[in-house]
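The values are calculated or read from the model by the stated rules, or taken from the named source; none is laboratory data. Bear in mind the structure is a predicted one, so any value in this text is a computation, not a measurement. Cβ placement follows ideal geometry from the backbone for every residue including glycine, while neighbour counts extend to all protein chains displayed. To get the accessible areas, we keep the full protein, side chains included, count just its heavy atoms, and leave off ligands, DNA and RNA. Shrake-Rupley method; radii C 1.70, N 1.55, O 1.52, S 1.80 Å.
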Amino acid sequence: MPKVSMTVNGKRVSGNVDARTLLVDFLRNEQRLTGTHVGCDTSQCGACVVHVDGKAIKSCTTLALSCEGANVTTIEGLANGQDLHPMQAAFRAHHGLQCGFCTPGMIMAAIDMVNRLGFNLSEETIRENLDGNICRCTGYHNIVKAIQAGAAAMGGLKVAAE
Amino acid sequence: MYNFDFHRPSTLRQANGLMGKLEDAKLLAGGQTLLPTMKQRLASPGQVVDLGGIPELAGIEQKGRNLVIGAMTTHAEVAGSALVKAALPGLAALAGSIGDPHVRNRGTIGGSIANNDPAADYPGGLLALGATIVTNKRRLAASDFFTGLFSTALDEGEIITKVIVPTGAKFAYAKFRNPASRYAMVGVAVAKKGGKVAVAVTGAGSDGVFRWEAAEAALQKRFSAKALDGVATPSAKNLNGDIHASADYRSHLIGVMARRAVTTASGK
């Protein structure tokens, strides 16, 4: 089986995998990082979103072998010890989840949104950029609020939790 | 997905060598169509050659009056490129309308046009703009490149290296997208350069992307959405109908999208 090496959450990892192994399966089954989820497995839902070389991608639609040498960040790589990442904290403060299945992908997508578009995100921008992430519980309302607050917190601004 | 042998060349020369040597080989660009197709077992190549490790295939340059876009340039890169936004803002907007943000970070211009999905966005845009598709063997005009449903003039193993897009046109692309798949139910690209107008329609034609000549003639006389009043939209006989939209509805949408594209292109 071919060998693949990459950096995951700052740690060098490698493994021998079937060529057909998807990045999400490498992360979940080989690295035991089960925070990244598989929802639809058809590129629709975004539960599998991780960052590869700083960009959000769907890890169910990427081969592990295509990520040779890449720098991968998953939901497990965000918190600093017991301190949640500001976006994670905002999802908690604003009840941006119900069942939580889509949440890892939502948070990775939200941080990518901040990286691309800055700390001051309008509701319209957030909704448009959540195109690739599906939540079947919340109706998105609190997710949008959480992302707006999380983005502001990442920029060092304060937004009152409701 | 069935298993396969995987190759990741680091130069175009190596990729070319592999494609000449391997049997049953398929090129992998961003994989946003090929991998889902392989998961459904609609494709099961024995060999996969990943083009993602070839730096010479990526990047956007302005060369004289043309934009030169490497085949492995992602939709997000085209959408966010200062060069593209300045020279052809409608092309940046087209790339930014494909899929969703995560798909745009993987999907590439070369992969999109090699697949030539009849509902893909790039074929319409590149046909209207009169782009040239450059491969490791030759140069092809967009009008010769796109030959039908999911079919192109590419030979077996031929590799798209870049796309040359002439600038200087007033250009816009208007898309009525399927909200679930984000593919175009109908997309119309309009380009006006000098006295010439090109109108290309994607998402609708039963034989893939096509030019709408009647609209071109009307718009050449007067470049305004009003010029399309009284111009019959393409006959539903030659259009796709499916659960998302009947052929008649698509025919109507072509007129609506064309007007929107003309209005955007003329900056009104």
Any chance you could give the angle, 0 to 90 degrees and rounded to 10, that helix B:247-265 forms with the longest Cα principal axis of chain B? 80 degrees
Using the heavy atoms of the protein chains and a 1.4 angstrom probe, tell me the accessible area per residue for region A:86-154 in square angstrom. 43 Å²
Expected output for region B:85-124, residues with a loss of 40 Å² or more in accessible area relative to the chain alone at probe 1.4 Å, reads B:P101, B:H102, B:N105, B:R106
For peptide B:7-17, compute the average count of partner chain beta-carbon atoms within 10 Å of each residue's beta-carbon. 1
Contour minus Cα-Cα distance for A:T42 and A:E123 (0.36 nm per residue): 26.5 nm
Specify which residue in the list B:P45, B:L126, B:H75 is farthest towards the positive end of the charge dipole of region B:1-147, using unit charges on the beta carbon of Lys, Arg (+1) and Asp, Glu (-1), about the Cα centre. B:L126
Return an integer: the convex hull volume of the alpha-carbon atoms of chain B, in Å³ per residue. 120 Å³
What average number of partner chain Cβ atoms lie no more than 10 Å from the Cβ of the residues making up B:43-54? 2
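In the structure shown, do any of A:K55/B:K193; A:K145/B:K39; B:K63/B:K193; A:K3/A:K58; B:K26/B:K85; B:K170/B:K221 have a Cα-Cα gap over 27 Å, and if so which?
Working: A:K55/B:K193 36 Å; A:K145/B:K39 36 Å; B:K63/B:K193 18 Å; A:K3/A:K58 21 Å; B:K26/B:K85 33 Å; B:K170/B:K221 15 Å.
Pairs exceeding 27 Å: A:K55/B:K193; A:K145/B:K39; B:K26/B:K85.
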Between the Cα axis of helix A:103-117 and the main Cα principal axis of chain A, the angle (0 to 90°, nearest 10) is 70 degrees
Kindly express, to the nearest 10 degrees and within the range 0 to 90, the angle between helix B:12-21's C-alpha long axis and the longest C-alpha principal axis of chain B. 70 degrees
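What accessible area per residue comes out for region B:127-268, rounded to a whole number of Å², with a 1.4 Å probe?
Working: 6430 Å² over 142 residues.
Ligands and nucleic acids excluded, the figure is 45 Å² per residue.
So what's region B:5-49 giving for Rg/Rh, alpha carbon basis, Kirkwood Rh from the mean inverse pair distance?
Taking Rg over the Kirkwood Rh, I get 0.98.
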Summing both sides, how much accessible area is buried between B and A? Use a 1.4 Å probe and give Å² to the nearest 100. 2100 Å²
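Can you bin region B:121-179 into rounded, prolate or oblate? Criterion: square roots of the alpha carbon gyration tensor eigenvalues sorted a ≥ b ≥ c, rounded for a/c under 1.5, prolate for a/b above b/c, oblate for the rest. Don't skip to the answer; put the middle values down first.
Working: a/c = 2.48, a/b = 1.37, b/c = 1.80.
Because a/c hits 1.5 or more and a/b fails to exceed b/c, region B:121-179 counts as oblate.
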Given 4 °C and 1.567 mPa s, compute D for region B:193-251 with the Stokes-Einstein relation, Rh being the Kirkwood radius over Cα pairs; round to the nearest whole µm²/s. 106 µm²/s
Per-residue ellipticity at 222 nm for chain B, helices alone: DSSP H runs ≥ 4 residues times -39500 (n - 2.57), over residue total, nearest 500 deg cm²/dmol? -8500 deg cm²/dmol
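Just the number, please: carbon plus sulfur as a percent of the accessible area of the protein assembly as shown, 1.4 Å probe, no ligands or DNA/RNA counted.
Its accessible area is 48 percent carbon and sulfur atoms.
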Where A:D83, A:D112 fall by accessible area, highest first, once all protein chains stay in place (1.4 Å): A:D83, A:D112
Which distance in Å, rounded to a whole number, links the C-alpha centroids of region B:10-56 and region B:57-87? 23 Å
Which length gain, in nm to one decimal place, applies between B:A232 and B:K63 when the Cα-Cα distance is subtracted from 0.36 nm times their residue separation? 56.9 nm
Aspartates and glutamates with Cα under 16 Å of B:K192, excluding same-chain neighbours fewer than 8 positions away: B:E213, B:E216
When a/c is below 1.5 the answer is rounded, else prolate if a/b is larger than b/c, else oblate, so apply that to region B:126-268 with a ≥ b ≥ c taken from the square roots of the Cα gyration tensor eigenvalues. oblate
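Which value in deg cm²/dmol, rounded to the nearest 500, describes the helix-derived mean residue ellipticity at 222 nm for chain A, given -39,500 (n - 2.57) per DSSP H run of n ≥ 4 and division by the residue count?
It comes out at -8000 deg cm²/dmol, rounded to the nearest 500.
Per the Kirkwood definition applied to all pairs of different Cα atoms, how many angstroms is the hydrodynamic radius of the protein assembly as shown? Walk me through the intermediate numbers first.
Numbers: mean 1/r = 0.0442 Å⁻¹.
Here the Kirkwood hydrodynamic radius works out to 22.6 Å.
Arranged from highest to lowest average of other beta-carbon atoms within 10 Å per residue, in what order do the peptides B:95-108, B:152-165 appear? Walk me through the intermediate numbers first.
Values: B:95-108: 24.9, B:152-165: 19.3.
Put in order of decreasing packing, that is B:95-108, B:152-165.
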